[in-house]
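Here's the structure we're looking at; comments come further down.
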Amino acid sequence: MSLPRPRSLTMLLAVGLLVVALPLGVAVFQGAREIRALAQEGEQLVRQGVELTRQTQALARYLSAYERAAHLYLLLDDPRLLQASRTSHGSITRNLELIGQLEIDADSRSRLEDLRSLNHGVLALLEGESTGQPGRSRRLSQQLEQLNAAAVALSTGANGWVETQLRELEADAAATRRRLILWTAALVPAVLELGLIFAIGVLRPLRQVDRAITELGRGTFSKPVAIS
């Protein structure tokens, strides 16, 4: 059983071009799709890192103001300083909410919960205990120390997670480059072979036409022109 063959030279050229170009087109499309996905993931990680750095820096400023207002309130017993502590507490609460909206790892989320608890604990200590109560200043210092330590742990852990994600993305990009090189190395010989096959398929009928034209030019009209 013979395979269907193009019935014209134009159709033969079109089929040859399609067969040669199709593998390259598929490879280019697949490579472009993978590169686009890597670029989008990289852009997202960069935005994540920038926003995380901005929020952790803001958290450090709020904690410094919180600690200063709390200690001054214990020292001076000024209601305005208690209100300043409440304002800092609210700023820290909102800041932690913003950090929680970012994509962070499970350990960082656990530290985030610790920070929320310690933040509320400091304000509860300021509002719940009377001025001059023994050990109050020591307990406040311990709470604030734990709060600052938890903030440092959150910043270090979350930024470390982002760096790990970036390293994994770099590894994925390197793997994609290697894969594209392998595809190219495999496709180029195949495309050249297909091109050679179709070049032969095109040249053979052209040679037959050329011979027929030569025979006609010599006045030989007895042989039919056969092109296969």
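The values are calculated or read from the model by the stated rules, or taken from the named source; none is laboratory data. All values derive from a computational prediction rather than experimental measurement. No Cβ is skipped: glycine too gets one built from the backbone with ideal geometry, and neighbour counts run over all protein chains shown. Surface areas here come from the heavy atoms of the whole protein model, side chains and all, with no ligands, DNA or RNA. Shrake-Rupley method; radii C 1.70, N 1.55, O 1.52, S 1.80 Å.
Name the residue, out of 90, 100, 121, 160, that is modelled with pLDDT of 95 or more and either under 23 Å from residue 46 (Cβ atoms) or open to solvent by less than 60 Å² (accessible area, probe 1.4 Å) (or both). Walk me through it before giving the result.
Working: 100 fails: modelled with pLDDT of 95 or more; 121 fails: modelled with pLDDT of 95 or more; 160 fails: modelled with pLDDT of 95 or more.
On inspection, the qualifying residue turns out to be 90.
Give 38, 18, 74 a once-over and let me know the one that is farther than 25 Å from residue 153 by Cα, over 34 Å from the mean Cα position of the chain (by Cα), part of a helix (DSSP H, G or I) and at pLDDT 75 or above.
Values: 38 fails: over 34 Å from the mean Cα position of the chain (by Cα); 18 fails: at pLDDT 75 or above.
The unique qualifying residue is 74.
Any residue at all in segment 128-151 that's assigned to a helix (DSSP H, G or I), acidic (Asp, Glu), closer than 27 Å to residue 52 by Cα and modelled with pLDDT under 90? Step through it out loud before you land on a result.
Kept after step one, since they are assigned to a helix (DSSP H, G or I), are these residues of segment 128-151: 128, 136-151.
With acidic (Asp, Glu) added as a condition, the list becomes 145.
If we keep only those that are closer than 27 Å to residue 52 by Cα too, we end up with 145.
Okay, now just the ones that are also modelled with pLDDT under 90, so none.
No: segment 128-151 contains no residue that is assigned to a helix (DSSP H, G or I), acidic (Asp, Glu), closer than 27 Å to residue 52 by Cα and modelled with pLDDT under 90.
Return only the number of the condition from (1) at pLDDT below 90; (2) surrounded by 14 or more Cβ atoms within 10 Å (Cβ to Cβ); (3) within 12 Å of residue 52 (Cβ to Cβ) that residue 95 does not satisfy.
Tallying (1) at pLDDT below 90; (2) surrounded by 14 or more Cβ atoms within 10 Å (Cβ to Cβ); (3) within 12 Å of residue 52 (Cβ to Cβ), residue 95 fails exactly one: (1).
Out of 58, 69, 39, 65, I need the residue that is without any contact (Cβ under 8 Å) to a residue 12 or more places away in the chain, of a type in the set (A, V, I, L, M, F, W, C), open to solvent by less than 70 Å² (accessible area, probe 1.4 Å) and out of contact with any Gly (no Cβ under 8 Å at 6 or more places or on another chain). Which one?
Details: 58 fails: without any contact (Cβ under 8 Å) to a residue 12 or more places away in the chain; 69 fails: without any contact (Cβ under 8 Å) to a residue 12 or more places away in the chain; 65 fails: without any contact (Cβ under 8 Å) to a residue 12 or more places away in the chain.
Sole residue among the options that is without any contact (Cβ under 8 Å) to a residue 12 or more places away in the chain, of a type in the set (A, V, I, L, M, F, W, C), open to solvent by less than 70 Å² (accessible area, probe 1.4 Å) and out of contact with any Gly (no Cβ under 8 Å at 6 or more places or on another chain): 39.
Specify the residue that is nearest to residue 167 (Cα to Cα); the eligible residues are those in segment 20-36 that are open to solvent by 60 Å² or more (accessible area, probe 1.4 Å) and of a type in the set (Val, Ile, Thr).
Residue satisfying both the conditions and the ranking: 35.
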